[in-house]
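S.K.: Handing you a structure now.
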Amino acid sequence: MSASFFAGRLRARFDCFITIAFALLISTAFGEPTPVRHVHHRELVYEGRPADVPLQPFSLDRPSPHPSIPIHVAYYAPRAVPGAEPIVRWEEDDARAYSEMTGSSHPIVSGDGAVLRHGVAYAPANAPDRVKNAIWALNTIRNRPYVWGGGHGSFSDSGYDCSGAVSFALHYAGALSRPLPSSDFFGYGERGRGRWITIYSRRGHTFAVIAGLRLDTTDLRYGGDIGPRWYTDARDAWGFQARHPAGL
């Protein structure tokens, strides 16, 4: 065998020895790695230890039910009053002495505006006597029912429709000699609103405002025709023609 053959084998063994020696050196210096167990998200899992937590007692027997205690709830339930008049919003000033009266059938209040008290209109002291007479006369029919055509055959009737009630008021104000239907009020008196009395008319309905109170047979709050009543709230006058008696 040639010298080159022996030299190659010697070099190979030397390289193997160097590799083994280097591996032993690394193992001795750093030691073997300790295996670690992992779970999801690479969180370490340690051996569990019993926790010192007292256990709650329990029983397989169903607990006996306790008698229920009734709950009392207080509330208010409004009751309908048969035959009650519609609620009217009073707008009288407490400082005004509405108790001034010349008689039980002729209630008067100081000032220029009428006041409504329990459905009865109090005539203003500063109003002309014709206006006062109209208000006091209307108080006598304020509970009459609505009757179609009522108040047209005669000013005195058991029931009234809208134009019949307005005709009644104008008659006792000395401004009308015979009842008129709604359409005839289009040309009544003078155009526009009056100082004390204003008539609003259109085909099919008529109402009036006298000294600040509305005389109407229609109940806008509850709906329907109920007969001549006094109201303190206004009514939409769109579509109505405004007229008034001369001088009032």
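Values in this text are rule-based calculations from the coordinates and carry no lab data. What you see is a predicted model; the values in this text were computed from it and never measured. Backbone-built Cβ (ideal geometry, glycine too); neighbour counts: all protein chains shown.
S.K.: Could I have the simple spin-label model distance between Arg142 and Ser158, label points 7 Å from Cα toward Cβ, reported in nm to one decimal?
M.R.: 2.4 nm
S.K.: I need the phi-derived Karplus couplings for region 216-230: 6.51 cos²θ - 1.76 cosθ + 1.60, θ = phi - 60°, integer Hz, Gly and Pro marked x.
M.R.: Listing the rounded values in order: 8, 9, 9, 8, 6, 7, 9, x, x, 8, 10, x, x, 9, 8 Hz.
S.K.: Something else: Report for region 108-244 the percent antiparallel among DSSP-assigned beta bridges with both residues inside it, nearest 5. Write out the running numbers ahead of the final one.
M.R.: Working: 21 of 24 bridges.
Percentage antiparallel, nearest 5: 90.
S.K.: In nanometres, what is the gap between the two model label sites at Trp238 and Tyr222, each 7 Å from Cα along Cα-to-Cβ?
M.R.: Those two pseudo-labels are separated by 2.7 nm.
S.K.: Oh, and also: Along the Cα→Cβ direction, 7 angstrom out, place labels at Asp129 and Ser110. What is the inter-label distance in nm?
M.R.: 2.3 nm
S.K.: With just the Cα atoms defining each centre, how far is region 147-172 from region 185-248? Give it in Å.
M.R.: Between the Cα centre of region 147-172 and that of region 185-248, the gap is 14 Å.
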